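See structure below.
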């Protein structure tokens, strides 16, 4: 049981790693990628236990904005569309510092469409889980240091970064955005 807990926590750290605040830098190479439609929905949105409230509309806006900010920088020759479904979340509330510091979590599904081919690039929906990053302002739990809206914005930015990483990996492994 302890081994599973350590594995889960390690996975959480790996998922959370990375700087989503790199929008002032040049975007990573995605070949001929250009974002067309950025469609975000939340038909099955589930609030996790002990979470702050957030509406479907707030999640849709946060994700749409974060994805647009990250992928609007790409100027490739071919259009690709995103279908994103926000499935669940936990926006951390204050806990017991350093002992029970709840982390914020976002779960969403991603589908990528090739406009020219008129088909999905990923036949199976890609489910991505984002766990808030560890840092000085979240060491005692973001429930103490951030509002629910700030947590949501950070999760959305990290989600967009995770989408970018997924696309980079798929481009490398499958040649998704090559001519």
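Below, the figures for the structure above:
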item	result
Segment 109-124, subset assigned to a loop (DSSP other than H, G, I, E, B) and surrounded by 13 or more Cβ atoms within 10 Å (Cβ to Cβ), residue farthest from the chain's Cα centre (by Cα)	115
Residue count, segment 54-74 (criterion: touching a strand residue (DSSP E or B) at 6+ places or on another chain (Cβ under 7 Å) and either closer than 15 Å to residue 147 by Cα or modelled with pLDDT under 95 (or both))	2
Checklist (1) modelled with pLDDT of 95 or more; (2) surrounded by fewer than 20 Cβ atoms within 10 Å (Cβ to Cβ) applied to residue 49, failing item	(1)
Identity of the residue in segment 77-93, surrounded by 15 or more Cβ atoms within 10 Å (Cβ to Cβ) and outside any strand (DSSP E or B), that ends up farthest from the chain's Cα centre (by Cα)	93
Residue count, segment 20-66 (criterion: in a helix (DSSP H, G or I) and within 14 Å of the chain's Cα centre (by Cα))	8
Test result for residue 101, touching a helix residue (DSSP H, G or I) at 6+ places or on another chain (Cβ under 7 Å), closer than 19 Å to residue 49 by Cα, at pLDDT below 95 and surrounded by 14 or more Cβ atoms within 10 Å (Cβ to Cβ)	no
Any hit, segment 105-124, residues being modelled with pLDDT under 95 and touching a helix residue (DSSP H, G or I) at 6+ places or on another chain (Cβ under 7 Å)	no
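The values are calculated or read from the model by the stated rules, or taken from the named source; none is laboratory data. Everything quoted here is computed from the prediction, not taken from an experiment. Positions of Cβ are generated from backbone atoms using ideal geometry, with glycine treated the same way; all protein chains shown enter the neighbour counts.
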